[in-house]
Amino acid sequence: MIKSLIWNIRGIKSHGSFDRLMQLKRAHNLSFIAVMEPFCRRFKLDKFRRRLGFDFAHANSNNKIWLFSDMAINCTVIEDLDQHVTCSINNNGDNMYITIIYAKCHVHLREELWDSIKNFAEGNTSPWMVVEDFNSITDPEEKKGGVAHNISKSMTFINCILDSGLIDLGYSGSPLTWCNGWAPRRRIWARLDRALANSEWIQNFA
């Protein structure tokens, strides 16, 4: 099984962020890393690939998702859109897919993303994990602060999970993965990040 890391940070170019990423790679012998919002121009991608010691790097269509991987896992990008990247990976003969998500903020703009996930699920029988920032919650308990969540706004996301046969892999640490960073009285926390997988992934790797 590949060792992977999804790194949700606001920029990779700061010394602190890059050093932390390098430490994690070395400590866990990571063969796959995805970075959300690198806040670096695309032409710097190869520079960071070399500094991290990877063989392959890819920036998605709007430069919001950067991927790095080792040659050993034979990572191939098979779908690249502004809200997600799907990779085919072959690791010691095991074929699998990983979809990295960075969803848009507005509900109506995420419809295309949910449709893409469902369409991929229809023709796939291999292990598949879908992970990162969905910008949506599945339960009012996944939000603290601000206006009470209207669950109707989540139904397209919930239906996408169900229709695609995906299962939430759970989490360790804080269940609320995002904060708006405002003053305490206006602070909002939510679980916008998660990892989902199909039954084939769970049978093989969970």
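The values are calculated or read from the model by the stated rules, or taken from the named source; none is laboratory data. The model shown is predicted, which means the values in this text are computed figures rather than measured ones. In this analysis, Cβ positions are derived from the backbone assuming ideal geometry, glycine residues included, and neighbour counts consider all displayed protein chains. When the accessible area is computed, the model is the full protein with side chains, heavy atoms only, and any ligands, DNA or RNA have been set aside. Shrake-Rupley method; radii C 1.70, N 1.55, O 1.52, S 1.80 Å.
Segment 152-206 and segment 51-96 have their alpha-carbon centroids 22 Å apart. Normalised radius of gyration (Cα atoms, divided by 2.2 N^0.38 Å) for the chain: 1.02. Rounded to the nearest 500, the 222 nm mean residue ellipticity of the chain from helices alone is -7000 deg cm²/dmol, with -39,500 (n - 2.57) taken per DSSP H run of at least 4 residues. Using +1 at the Cβ of each Lys and Arg and -1 at the Cβ of each Asp and Glu in the chain, identify which of VAL130, LEU24, ALA183 lies farthest towards the dipole's positive end. Result: ALA183, furthest along the dipole toward the positive end. A simple spin-label model places the labels of ALA27 and PHE205 2.1 nm from each other, with each point 7 Å out along Cα-to-Cβ.
Taking a threshold of 26 Å on the Cα-Cα distance, which of the pairs LYS44/LYS118; LYS25/LYS153; LYS44/LYS144; LYS44/LYS104 fall above it?
In this structure, LYS44/LYS118; LYS25/LYS153; LYS44/LYS144 exceed 26 Å between Cα atoms.
Each Lys and Arg adds +1 at its Cβ and each Asp and Glu adds -1 at its Cβ; summed about the Cα centre, the chain shows a dipole of about 1300 debye. Selection among THR76, LEU52, SER88 by position relative to the dipole of segment 25-119 gives LEU52 as farthest towards the positive end (Cβ unit charges, Cα centre).
Using a 1.4 Å probe over the heavy atoms of the protein chains, calculate the carbon and sulfur portion of the accessible area of the chain as a whole percent. Answer for the chain is 50 percent, counting heavy atoms of protein chains only. The convex hull around the C-alpha trace of segment 126-205, projected and averaged over every direction, spans 5.8 square nanometres.
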